[in-house]
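Read through the structure below, which is laid out as structure tokens, and then see the notes.
The values are calculated or read from the model by the stated rules, or taken from the named source; none is laboratory data. None of these values were measured; they are calculated from a predicted model. Note: ideal-geometry Cβ built from the backbone for every residue, glycine included; neighbour counts use all protein chains shown. Protein only, heavy atoms only, side chains kept; ligands, DNA and RNA dropped before computing areas. Shrake-Rupley method; radii C 1.70, N 1.55, O 1.52, S 1.80 Å.
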Amino acid sequence: MDKLIVLGIESTSHTFGVGIAALLDGKPAILANVVDRFVPRSGGIHPREAALHHAEVAPRVLKAALSRAGLGVGEIDGVAAALGPGLGPCLRVGASLARFIAAYYDKPLVPVNHAVAHIEIGKMIHGLVDPLVIYVSGGNTLVAVQRRKRYRVLGETLDIPLGNLLDTFAREAGIAPPYIVGGRHVVDICSDYGSNFIDLPYTVKGNDLSFSGLLTAALRRIGGRRGKIEELGDICLSLRETAYNMLVEVSERALALTGKREVILVGGVAASKVLNEKMEEMARLHGASYYTVPPEYAGDNGAMIAWTGLLGLVHGISIEPERAFIRQRWRLDEVDLPWLPPD
Ligand code: AMP
Ligand code: MG
């Protein structure tokens, strides 16, 4: 059998993950996807604490992924690492492990942009070539399409990302952590108790979004209401609806502008049922097909890094381990991607 196997390492933020992707007789396959997420006891993610977590779990996660795929390190054809964007101390853990594997086992090292990986795993799962991409996670919120071998950002958040808005509100409101319960965000669950829509700042500037005013206004609304679940429910409902509707507006404008026939939602917030329902309806109104990423591949994971690394390896992309620097602010639209279709 003709096969190509790449091991991918994810460590940009809260998640340490190792995935193994393959092309088996030309067909894509995910052979393993093992993740271990860092959950802060209180507050947000402290980069150094998350990095310590990653360093601690790395050997176990690596071994588990290899054993799941039934492979030894020597049997892989390349190692890929998410070199950015992300938190410096966290990125260094994954990069160091990748450099070691590449140098010690003499394997090509493929640099992977984390945002590109979120998109490529979704496209691979659904066999898409040229969709409108909506990427929403803890660290990113943007709408993009491919053109001239790069993803082009049509709209993005001017301040905090959507996942960060939900998480920060939940934490400050005293309803988190944990942020996700039974696959749902706590802001979403809390919205079940609300019935009145409260006017909150809806900020769309051209095709860009701003969520920080919405966060401040929603937190101000809590005031003395902490503890009254119906009133907190109203605030959660209004926050969720305002934020998601803002994103639907810019996505719809991008879809109308580009005339794409397919829409895909990727990133951690793609696990939201409510957001998917809104986006699906929007796509339907424009006669476009709608796709989303299964939860296992929606949040940060190693499989998406492995798959994107495999695409890179097929197209001759690799770097020397000593040149595999991390890039904390590596934007999606800075990366040349030879596998994208010609214009
Ligand atoms: P990522 O950075 O791609 O791993 O995505 C993590 C973000 O996705 C966090 O902000 C989570 O709160 C958010 N998230 C995860 N599951 C859900 C869900 N079911 N609904 C809304 N947001 C979610
Ligand atoms: Mg992510």
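Compute the length gained on full extension between Glu281 and Val314: take 0.36 nm times their separation in residues and subtract their Cα-Cα distance, giving the result in nm to one decimal.
Between Glu281 and Val314, full extension yields an extra 8.2 nm.
I'd like the distance between the alpha-carbon centres of region 87-139 and region 169-232, rounded to an integer number of Å.
Region 87-139 and region 169-232 have Cα centres separated by 31 Å.
Using unit Cβ charges (K, R positive; D, E negative) and no other charged atoms, how large, in debye to the nearest 20, is the dipole of the chain about its Cα centre?
Roughly 380 debye, rounded to the nearest 20.
Counting only the heavy atoms of the protein chains, how much of Asp159 is accessible to a 1.4 Å probe, in Å² to the nearest 10?
About 60 Å², rounded to the nearest 10.
Tell me, what ³J(HN,Hα) does each residue in region 289-295 have, in order and in whole Hz, if you take phi through Karplus 6.51 cos²θ - 1.76 cosθ + 1.60 with θ = phi - 60° and put x for Gly and Pro?
Each residue's phi maps through the Karplus curve to give 7, 10, 9, 9, 9, x, x Hz.
Given the options Ile326, Ile175, Ile160, which has the most mean-square fluctuation in a GNM of the chain, springs set between C-alpha atoms less than 10 angstrom apart?
Result for the chain, Cα springs under 10 Å: Ile175 fluctuates most.
Normalised by the number of residues in the chain, what is the relative contact order in percent for Cα pairs under 8 Å and 6+ residues apart?
That works out to 26 percent.
Take the eigenvalues of the Cα gyration tensor for the chain, scale each by 5, and report the square roots as semi-axes in whole Å, largest first.
Working through the eigenvalues yields semi-axes of 34, 24, 16 Å.
Apply the a/c threshold of 1.5 to the C-alpha gyration tensor of region 276-343 and tell me whether it is rounded, prolate or oblate. It would help to have the intermediate numbers written out before the result.
On the way: a/c = 2.42, a/b = 1.91, b/c = 1.27.
Prolate.
Given only helices, namely DSSP H runs of n ≥ 4 each adding -39500 (n - 2.57), what is the per-residue ellipticity at 222 nm of the chain, to the nearest 500 deg cm²/dmol?
Working: 10 runs with 141 residues, N = 343.
Calculated from helices alone, the mean residue ellipticity at 222 nm is -13500 deg cm²/dmol.
Could you rank the peptides 186-193, 39-46 by their average count of other C-beta atoms within 10 Å per residue, with the highest value first?
In decreasing order of mean packing, 186-193, 39-46 become 186-193, 39-46.
Let me check against my output: what whole-number percent is the relative contact order of region 130-296, with C-alpha pairs under 8 Å and at least 6 apart?
Working: 302 pairs, mean separation 44.6, N = 167.
Value for region 130-296: 27 percent.
In this model, which of Lys205/Lys260; Lys149/Lys260; Lys228/Lys278; Lys63/Lys107; Lys27/Lys278; Lys149/Lys205 are farther than 24 Å apart at the alpha-carbon?
Working: Lys205/Lys260 22 Å; Lys149/Lys260 16 Å; Lys228/Lys278 28 Å; Lys63/Lys107 18 Å; Lys27/Lys278 33 Å; Lys149/Lys205 27 Å.
Too far apart for the 24 Å limit: Lys228/Lys278; Lys27/Lys278; Lys149/Lys205.
When only alpha-carbon atoms count, how far does region 130-296 stretch along each of its three principal axes, as whole angstroms with the largest first?
52, 31, 27
Just reorder Phe38, Phe100 by solvent-accessible area, largest first, 1.4 Å probe, all chains present.
Largest accessible area first, the list is Phe100, Phe38.
If packing is taken as the mean number of other Cβ atoms within 10 Å per residue, what is the order of 151-157, 177-183, highest first?
Result, highest mean first: 151-157, 177-183.
For a label point 7 Å from the Cα of Asn196 along Cα→C-beta, name the residues of region 228-245 whose backbone N is under 18 Å from it.
It comes to 228-242, nothing else.
In degrees, nearest 10, range 0 to 90: what is the angle between the Cα axis of helix 47-69 and the longest Cα principal axis of the chain?
Approximately 50 degrees, to the nearest 10.
Hey, quick one: spin label on Asn245, modelled 7 Å out along Cα-Cβ, who in region 184-208 has an amide N within reach, i.e. under 11 Å?
The answer is 197-203, whose backbone nitrogens lie closer than 11 Å to the label point.
Across region 240-248, in residue order, what do the Karplus-derived ³J(HN,Hα) couplings come to in whole Hz, using 6.51 cos²θ - 1.76 cosθ + 1.60 with θ = phi - 60° and x for Gly and Pro?
Per residue, the Karplus-derived 3J(HN,Hα) values read 4, 5, 5, 5, 5, 5, 4, 5, 5 Hz.
Percent of accessible area on region 130-296 owned by carbon and sulfur, 1.4 Å probe?
On the way: 3550 of 7190 Å².
Carbon and sulfur together cover 49 percent of it.
Compute a Gaussian network model of the chain, connecting alpha carbons closer than 10 Å, and tell me which residue from Gly268, Gly174, Gly194 fluctuates the most.
Gly174
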